[in-house]
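Let me begin by presenting the structure, written as structure tokens, before commenting on it.
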Amino acid sequence: MDYKPQDEFESGESGRLSFDFRGYLFKVLNMWKFVMLCIGIAMIVAYLINVRKQNVYKLDSLISIENDQNPFFTANTSISFNWGGVSGKVGKIITTIKTRSHNELVVDSLQYYMTYLAEGKYRKEDIYKRVPFDFILDKSKPQVLGYPVGIRFKENNTFEVFTEFEGSRRTAQIYEDKSVKRIEVPTGVFTQSYNQSDIIDLPFLSGKIKVKPKLLIKPGSEFFIQFSNFDAIVNQYKGKISIGTFSSSSSSVLRLQLSGTNKAKIVDYLNATSAILSRTELERKNLYATNTIKFIDSTLAAVDVDLKDVTDEMNQFRKKNKVFNVSEEIKTISEQLRENELNKQNEKLKLDYLDNLESYLQTKTDYTNIAAPTSVGIEEENILSSVRKITGLAIERQNLEYTTKEGSGLFKDLDRRIDSEKNVLLETIDATRKTIGIQLSAINRLIANFEAQLSGLPEDQQEYLKIQRKLDISQEAYDVYMAKRSEAAIVKAANISDITIIDEAKDIGGGLIGPNKSLNYMMGLMMGFFIPMFLIFIIFLLDNTIHGSDEVELLSKIPILGLIGKYNYKNNLVVFEKPKSAVAESFRAIRSSLQFFYKKLDTDHGKTLMITSSVSGEGKTFCSINMATVYALSGKKTILLGLDLRKPKIFNDFDITNDKGVVNYLIGESRFEDVIHSTHIENLDIVPSGPIPPNPSELLMSDQLRDLMPKLRAEYDMIILDTPPLGLVTDALELSQYADATIFMVRLDYTKKGMLALVNAKYKAGELKNISFVLNFYKHKTNHNYGYGYGYGYGYGYGYGVYGNAYHERDNDSLWKRMKRFLKRI
């Protein structure tokens, strides 16, 4: 017959592989205790994670971005400033929030690199704002990083610093300049006591403890101070803070969000972020006005020097010449001359401003420091417009540097627009300079005319008028610049930030976002279920043992003669001593089934039955003894031959010795009558194997055995042959010639599927005849035998170890092997 072995993946009629899902399901049901144990362990792990993991909170605040107009800026204001900034201000604010420089300012202001800790149930917990003291650290000295320095309060306003460093060198940071260095620290247990007014000056800790007022600290209370790397904390908050628009309909309102384990820290960080952002934005907004004030201050200094010099000159002239007054006509001419000289001075200031502006544009690349043209009286709209545009584009480029790499197309576009506007401004400067030159020529002609009119006066009066005009011009220039500076300062002082805090961050309860305890339990449940399911799946795929009768039917066309259940008993004589048991009924059923084989034999002599298996430990000897017993009890004269010469077993249950047996007869040492033993079971004789010979196969092939079998057939009704395992040695094949019927024992959950392939091959080759399977250790749990139900079994002398090894001599099982057998039974 054709034989094709199959595994858990069975081949269907179409040739495709199909998974034996039913077998896998029953395998899972058979290991339900293991699955439930895994689920229980996973749920315990999930519980421990939930109770040990810190709560995570998320809070937020709202800010608005507006282009606010200064309340003091009106159409009558003589100095124009670039209020409001440039387009994309919302994007700039969003970018600024995520920059390192901004978060450095916030972390430094809050000193979040210093953490106050107290011993909690599972860990040291952050007690920010709940600590009863403040540590005023010395930023100029190193503070040890990553190690909690203990502070233990004692009686009488004293405390002690305690540590237990393992190594002598640690990393420390000086927060004044943010430099990191290695320091020497005391190893082992270290303590040092201080009064509360003392300054701590240790290699690893420098500062002062300041107890908060109206707070009493219980003696023995312990707290810890831990310092972290400044840059690491900045990067931590930089990555955690998020910002976005509050709603699609209000893009100028932004929501700031931050998550963490300490709500007080989150609140302070969000509010500090908004405050610092508002302050820096106001400083950036006031940059144009600040530059103008600086320019006016530098000009005022020069005018002030001129005014003092002219005043001193006038005082010296009056002391020397005694001239204090002139006629009204001369005064009028002198006044007109003064006005023209003042106009000339103003026009020269404009020229100086334009020359400086032109030089600045041609030599500088940062155009954010240009002073307002109106500060020197330039009202040319083209110049004012170009300066505003260039300043705005320069600020926009500066903001873009936070988020965009140099060389980007955005920079190229901005640089192109700046260059285009700069060229327009340079052309406007040149045209304006020419216009001012024409005005200066006209003023100079007027001045020359008035000076000609005064040339007829006495020399001392001319000198007096000249000094007086210079004094008036300097005083008026000084007054004008003072007025412009005051105006600029008022406008700057009245300016407000474009960032308004709508809703400050506040702890009002809630905000909990983690841990998700329900999710953890769900994940624990899923992992506790699917991990054992996967392990069972792997075991199922790798399992090549036979578990049920349907597998035997799939793997072989040899018929199944009977089923023997599991039944724990003290010996192998179950049929004789427990005749009403289900196992005894199983052997009677096998005896009845064998009659169909024996009816085909046309003989009146005794019949033979060979019982074998693939390896030791499958119940071969147990079946031999009980089949012999069931025939003997039915009135048949029966003899049981122990032909397993390699590992004899059958003598133990009949209280006989194995000193003499078949071996002694085959080697001619004893007569057959001398090796036969009558048993306490009526009609049953037994011949043990005898001493283990060095050549068992040769003895079983001898003529003595060939001659013996006809004699036994003539004397006995049933001859039961207990043979060696077929899968280990060839002895059983030598004995098959004497067998009228053969039983091949298959122990469920033990016999390998590959062994049935060996039996199929021998059967196909005709080496085995009238062979049938008997399934041992059968459990009535559905046909596939993976589920649960009742069952029967037996106990017999074979021990079970590694598959097949029980046939040979073995040592006592180790504890590990016994544990594996226990787990397998589970």
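For the reader, a short list of remarks on this structure follows.
- In the set (1) open to solvent by 70 Å² or more (accessible area, probe 1.4 Å); (2) at pLDDT below 80; (3) acidic (Asp, Glu), Glu396 fails one condition alone, (1).
- Annotation note: of Ile209, Ile217, Ile225, the sole residue that is in a loop (DSSP other than H, G, I, E, B) and surrounded by 12 or more Cβ atoms within 10 Å (Cβ to Cβ) is Ile217.
- Any hit, the stretch 134-141, residues being polar (S, T, N, Q), over 30 Å from Ser64 (Cα atoms) and surrounded by fewer than 17 Cβ atoms within 10 Å (Cβ to Cβ): yes
- Identity of the residue in the stretch 637-660, assigned to a loop (DSSP other than H, G, I, E, B) and either of a type in the set (S, T, N, Q) or modelled with pLDDT of 90 or more (or both), that ends up least open to solvent (accessible area, probe 1.4 Å): Asn658
- All positions within the stretch 228-245 that are open to solvent by 60 Å² or more (accessible area, probe 1.4 Å) and in contact (Cβ under 8 Å) with a residue 12 or more places away in the chain: Asp231, Asn235, Lys238, Lys240, Thr245
- Matching helices (runs of 4 or more DSSP H) fully within the stretch 467-581 where at least 3 residues are surrounded by fewer than 15 Cβ atoms within 10 Å (Cβ to Cβ) and in contact (Cβ under 8 Å) with a residue 60 or more places away in the chain: 517-542
- Among the candidates Thr292, Thr280, Thr273, residue that is part of a helix (DSSP H, G or I), in contact with a His (Cβ under 8 Å, 6 or more places away or on another chain) and either among the hydrophobic types (A, V, I, L, M, F, W, C) or open to solvent by less than 20 Å² (accessible area, probe 1.4 Å) (or both): Thr273
- Evaluating Ala628 against the criteria (1) open to solvent by less than 10 Å² (accessible area, probe 1.4 Å); (2) touching a strand residue (DSSP E or B) at 6+ places or on another chain (Cβ under 6 Å); (3) under 26 Å from Ile546 (Cα atoms) leaves one unmet condition, (3).
- Residue among Val387, Val376 that is buried (at least 18 other Cβ atoms within 10 Å of the Cβ), closer than 18 Å to Ala477 by Cβ and of a type outside the set (D, E, K, R): Val376
Yes/no per residue for (1) among the charged types (D, E, K, R); (2) outside any strand (DSSP E or B); (3) within 15 Å of Ser624 (Cβ to Cβ); (4) free of Cβ contacts under 8 Å to residues at least 40 places away in the same chain:
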site	(1), (2), (3), (4)
Glu682	yes, yes, no, no
Pro691	no, yes, no, yes
Leu721	no, no, yes, no
Pro724	no, yes, yes, no
Ala732	no, yes, yes, no
Ile743	no, no, yes, no
Asp749	yes, yes, no, no
Leu775	no, no, no, no
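- Taking every residue in the stretch 592-612 that is under 25 Å from Asp731 (Cα atoms) and pairing it with any residue that is part of a strand (DSSP E or B) and acidic (Asp, Glu), at least 6 positions away or on another chain, the pairs with Cβ-Cβ distances below 9 Å are Met610/Asp722; Ile611/Asp722; Thr612/Asp722.
- Some residue of the stretch 464-486 being under 60 Å from the mean Cα position of the chain (by Cα) and either within 30 Å of Arg279 (Cα to Cα) or at pLDDT 85 or above (or both): yes
The values are calculated or read from the model by the stated rules, or taken from the named source; none is laboratory data. These figures come from a predicted structure and were not determined experimentally. Backbone-built Cβ (ideal geometry, glycine too); neighbour counts: all protein chains shown. Please note that ligands, DNA and RNA were not included when accessible areas were found on the heavy atoms of the full protein model with its side chains. Shrake-Rupley method; radii C 1.70, N 1.55, O 1.52, S 1.80 Å.
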